[in-house]
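Worksheet: one structure, shown below.
What follows is calculated from the coordinates using simple rules that are stated; it is not laboratory data. Worth saying up front: this structure is predicted, and the values here are computed from it rather than measured. Heads up, the Cβs are rebuilt from the backbone with ideal geometry, glycines too, and the neighbour counts pull from every protein chain shown.
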Amino acid sequence: MQNKALDQLVNDGDISSYLYQNIDENGIVGSSKCRNTEQLVLTFPSGKTLKIDTFCSGCLENTILALE
């Protein structure tokens, strides 16, 4: 995925890179028919990372945001 806002953060040097990916219910990169997780990993110039995960809770389709 490419994103203008994230690309600008990279261009400005605020973050070194980012990785966006879909992860299925088994933790494997790729899309799933149900309970797909979206993950964004930001890497900062210091080498530290912030991993942000969202996922659907099931039939109610509630979205949960997890920061690691």
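Note on residue 38 and residue 11: with the Förster distance fixed at 25 Å, the Cβ-Cβ geometry gives a FRET efficiency of about 0.60.
Distant-in-sequence amide contacts of residue 16, defined by a placed amide H-H separation under 5 Å and a gap of 5 or more residues or a different chain, comprise 43, 44.
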